[in-house]
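Report on the following structure.
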Amino acid sequence: MVGRPLLKWAGGKRQLLPTLRGFYPVAFNRYIEPFFGSGAVFFDLHASGRLSGKQAWLVDDNADLIGCYRMLVSRTDDVIAELQQLAAGHGRRGSEFYYEVRDTRFNPLRASSGGYTPAMAAMLIYLNRTGFNGLFRVNKAGAFNVPAGRYVNPRIVDETHLLQVASALRSRGVTLVPGSFEGALSEAGKGDFIYCDPPYAPVSRTACFANYTAKGFTRDDQARLQHALIAAAERGAHVVLSNSSAPDIERLYSTSEARRAQLRIERVNARRAINSRADSRGPVTELVITNVLRPRMLKAYAPAIQTSLRQLGHAKARRRSDTKET
């Protein structure tokens, strides 16, 4: 089973998986991921069998991303064939070929609004494997503008992995949805597992990167996300959110409303992956906001939970006895 995402993605959670696994709920109904991106958590859950027999709703407002995944699922062989041609072109001409594909093929096809094709899906995968830091970034006009990366021998075609990813996304119960996080979260109910990995709030004026789509992700968007997650938690959903340790995020999830929804802030160690200088990528503190009780917490709460269950049982027995007497 595949456990590795298809794409490199800014803020992707593959390196943080050992920590995030500690926040997965013991049991859950549906899995909902409103900021799918590279899908590191989905692929991790799928590889471990945690999604067997369950529905998984994978949502993203990046139309290129969903279009690429859908093409890989429905026309796997065609995407692989197109990607092999792109790999051959890159092998002959390198970065010159990269810019030709980006500027004269990929962006014009995206602007034409003719729908995603296997060729476009292959181009997105190719640009992701050979572009700077594997970024997906667009300018205000909506044009993909990531420069070529400096790779000596990038692995552009991994056919086995592509087939595995397609199979995982083709699994029964998995649905790829283009749309907003609010639409996804409004459907979450009791027992559903939500994992949110939105564009991070900047921790400084120079640390902002949120242009996965032309409109970006603003402070107001972070606030709307907080409201939607509180509502989902109050309906009984298991909530796990990753974000930066920016003061704005700490304030949002330290409110009385967040506490009433039993959301708490936990600090985890991560590694900064996006920086033009490799020596500036290093350990950072990130936040996980969640209402999921970790195993050690469940153990600590176990006596109180057992007591509450016994009291509930006694109360039900008394009610049944009173009913019989009357």
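The values are calculated or read from the model by the stated rules, or taken from the named source; none is laboratory data. Worth saying up front: this structure is predicted, and the values here are computed from it rather than measured. Counting neighbours? That spans all protein chains shown, and the Cβs are built from the backbone with ideal geometry, glycine included. Note: accessible area is taken over every heavy atom of the protein model, side chains too, but ligands, DNA and RNA are not part of it. Shrake-Rupley method; radii C 1.70, N 1.55, O 1.52, S 1.80 Å.
Observations on the model:
- From N133, N139, residue being open to solvent by 20 Å² or more (accessible area, probe 1.4 Å) and at negative phi: N139
Here's the yes/no breakdown for (1) among the aromatic types (F, W, Y); (2) open to solvent by less than 10 Å² (accessible area, probe 1.4 Å); (3) over 18 Å from A166 (Cα atoms):
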site	(1), (2), (3)
S52	no, no, no
W57	yes, no, no
R70	no, no, no
T76	no, no, no
E100	no, no, yes
L109	no, no, yes
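- Close contacts from the range 13-25, counting a first residue that is at pLDDT 95 or above and a second that is assigned to a loop (DSSP other than H, G, I, E, B) and among the β-branched types (V, I, T), with Cβ to Cβ under 7 Å and a gap of 6+ residues or different chains, come to F23/V292; P25/V292.
- Whichever residue in the range 213-270 is among the basic types (K, R) and part of a helix (DSSP H, G or I) and, among such residues, is surrounded by the most Cβ atoms within 10 Å (Cβ to Cβ): R224
- Test: T104 is surrounded by 15 or more Cβ atoms within 10 Å (Cβ to Cβ) and over 26 Å from G11 (Cβ atoms): no
- Residues satisfying the stated conditions in the range 24-43, i.e. over 26 Å from C68 (Cβ atoms) and open to solvent by 10 Å² or more (accessible area, probe 1.4 Å): Y24, V26, A27, F28, N29
- Matching residues in the range 149-191 - criterion: being among the hydrophobic types (A, V, I, L, M, F, W, C), at pLDDT 95 or above and closer than 27 Å to Q84 by Cα: I156, V157, L162, L163, V165, A166, A168, L169, L176
- R30 being of a type outside the set (G, A, S) and at pLDDT below 95: no
- Every residue from the range 107-144 that is more than 15 Å from N62 (Cα to Cα) and touching a helix residue (DSSP H, G or I) at 6+ places or on another chain (Cβ under 8 Å): L109, T117, P118, A119, A122, M123, Y126, L127, T130, G131, G134
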